[in-house]
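Below is one structure, written out as structure tokens, with a few remarks after it.
The values are calculated or read from the model by the stated rules, or taken from the named source; none is laboratory data. All values derive from a computational prediction rather than experimental measurement. When we count neighbours, we look across all protein chains shown, and the Cβ atoms used for this are built from the backbone with ideal geometry, even at glycine. Surface areas here come from the heavy atoms of the whole protein model, side chains and all, with no ligands, DNA or RNA. Shrake-Rupley method; radii C 1.70, N 1.55, O 1.52, S 1.80 Å.
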Amino acid sequence: MRLGRFPHARLILWLGVLIMSCLVPVQAQLLQGQTQATPFPLTEHWQYHWDRLDPEPKPVTDPEIWQAIAPPQRLTVPRGAEALWLAIPLPEGRSPFPALYFQGIPHILEASINGEVVYIFDELTPENTLKHKEGEFPIIALRPEHHGQTLLIRSYVADQSSISLGYDGRLLYGEKPHLFRQLILRDSIRLILGFFFITCGFFPLVISLFRQTDSIYGSFSFVAYLIGIYTISTTQVIRLLFDYSILWTFLHHGVFHLLPVSIGFFFEHVFGVGPKKLIRRIWQTHLFYAPLALILAGTGIITWKTAAFPTQMGGLFTASVIISLAIWKARKGNREAKALCLGLALFLACTMYDILNHLYLIFPWRLQLYPWGMLFFLIALAFILERRFIEAENHLKAYAQASDRFVPHEFLQFLGKTSIIDVQLGDQVEQEMTVLFSDIRSFTSISESMPPERNFNFLNAYLRNVSPVIREHDGFIDKYIGDAVMALFPQRVEDAVGAAIAMQRALHTFNQEIRAEGYPAISIGIGLHRGTLMLGTIGEAERMETTVIADAVNLASRLEESTKRFGANLIISRKTLQQMANPDQFAWRYLGKIMVKGKKESVEICEIYESDPPPLKAFKLETRSQFEQGIHLYDQGEIEEAAAIFKALWETNPEDTVAHLCLLRCNHL
């Protein structure tokens, strides 16, 4: 079917802007913190000291061991230190449901109050190394008697050179419902963006599955789904819903390893495989490593962090290659390459900011930019997809317009189709229409005197003059048969008659033009008849065409042939003439009855001479009753009386060739 505008890519662009305008205030609220009394961050009177893993915590009152610290801050781990102890005073309060929200403190082995362990995140192996753990819900409930006590936290630092405190979130204290709302607020940006990315990939996926379209739609969906899943997979809400299942970890890391594959795959479908198929080789390498990394990390041979390192380095290399090729294409004026460069550059800039700020704490705020970078990148891809969609739509429109020149669009409408793509062998419909047949008189002898090129030029020039008037009178051309034209008029008989008269007048103008170029003047005969037609498709699976099958078509063709016998320019069946509301609006006269091949009964026919030169038209109008009396005598078998009438008419006006040929018919008998 004809592909209408499906503005999913443009919708992505607008929704992206809308999401940015809605979520930026949420991000700002997270940066500024809560202004209400609860929950509130614990950022004052922190103390810390370094120690081995086994010893018990030193008394907090010992000033020689404990040192003050004000988060957020980054600490350098001294040589030999395996654990970091933190002492954090809890505020006084009267809340009956106090709770803590653990954020910004990595690798918590245990958190205790008055010797009672209240929270454990990471655990150690017998070799004193960290076990892999899927996660732990970060909000815990306290008892009212914990108010004003000291929270002791032991964190694992044995394999680290430094540790950051308070940069990935702040330790919050308050009532559990407020803390849970804060957790949801913290995850809301990534959740909304993640599901937005997934939704963006849904519509192109549907198109790629159910329509034969460019594979760019499928590759865009691949990128959008992976970005969406990766974005939501890091949220506490999603992990809590799945009870911190190991399957979610496999999904998160699997998506991470496939992201470079999807981006390279999309680039290939937009810009090609690159020099020496470089892009294809790169994403195939990533695709080979992805399951290998999942197997190695999943079986514990290497850690998930170690398995991710080759993909991180390979991803940076892939991004640099893609940006380089995109810049090269952008310099040649490729707007899609410019969009890809901008989107990928913003994505990488946001990602590098997060990495550098995590490693070196360049900025004191905790804003993560990589979800926004993904949004910018997806908007750039959506821009490319929109351009490709417009190009495909324009191509389809051009194809539809081209097909209309071979198969009339009106024909398809009668079949209930909107495009030639939807036409099936055997489609058919029954419709009452007026059929017009026209043919150039003696064209065979004319064409024999001209070379092929002049033949086609002459014929096309003639058709350029007469074909438009058919459309102007609400008809359409079913087919060209050499120099003959077959047209259909689905509405009124008057439309077909008007078109036939206009064709004769257009022919007069055409003859004046071609005489100046050395071509001979031509004349045409036109036959009209109205009846019930069967429009449909015939042929076989590899070759089919539209056609019209009906007795009315054959009769119209025979009437056109009769114009040669009678010397008339336009002949219409009397039955068709009588279907007009006012037949006398056109100049006509009765020509009698003829036998048509294939029909048992004779057919009454009439001549319409509306397009004749004014003197001849006036003569025919004046002598119409006399002429029709001659036809009546001829039909009655009174040949001599009829011949006398036709002879008198012809001798009065030798230009009345119809009267002359009727006289010859009488003499022949």
Quick calc: nm separation of the 7 Å Cα→Cβ label points for F288 and E561 -> 7.4
Considering amide H positions built from the backbone, and no H for Pro or chain starts, which residues 5 or more places from Q149, or on another chain, come under 5 Å of its amide H? L90
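How large is the convex hull of the C-alpha atoms of region 48-149 per residue, in Å³?
Enclosed volume per residue, from the Cα hull, is 128 Å³.
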Mind checking the full-extension length gain between I120 and Q578? Use 0.36 nm per residue of separation minus the Cα-Cα distance, one decimal, nm. 155.0 nm
Alpha carbon convex hull of region 110-256, projected area averaged over orientations, nm²: 12.1
Got a number for carbon plus sulfur as a percent of region 432-490's accessible area, 1.4 Å probe? 52
Förster-model FRET efficiency, 51 Å R0, R492 and E640, C-beta, rounded to 0.05: 0.75
Order of 65-74, 342-351 by packing, highest average Cβ count within 10 Å first? 342-351, 65-74
Pull up all non-local amide H partners of L570: gap of 5 or more, or a different chain, and H-to-H distance under 5 Å with H placed in the peptide plane. I526, I608
Which order do the peptides 118-130, 283-295 come out in when sorted by mean C-beta neighbours inside 10 angstrom, highest first? 283-295, 118-130
If ligands, DNA and RNA are left out, what is the accessible area of W46 with a 1.4 Å probe, given in Å² to the nearest 10? 10
What FRET efficiency do you get for E56 and L316 if R0 is 45 Å and r is their Cβ-Cβ distance, rounded to the nearest 0.05? 0.50
Under a 1.4 Å probe, counting only protein heavy atoms, T311 has an accessible area in Å², nearest 10, of 10
FRET efficiency for L621 and N667, using Cβ-Cβ distance with R0 set to 30 Å, rounded to 0.05: 0.70
Using a 1.4 Å probe on the protein heavy atoms only, what accessible surface does I501 show? Give it in Å² to the nearest 10. 10
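If you count, for each residue, the other Cβ atoms within 10 Å and average over each peptide, how do 472-479, 98-105 line up from highest to lowest?
98-105, 472-479
Once the other residues with Cβ under 15 Å from the Cβ of D51 are scored (Lys, Arg +1; Asp, Glu -1), what is the net sum?
Combined, the nearby Lys, Arg, Asp and Glu give -2.
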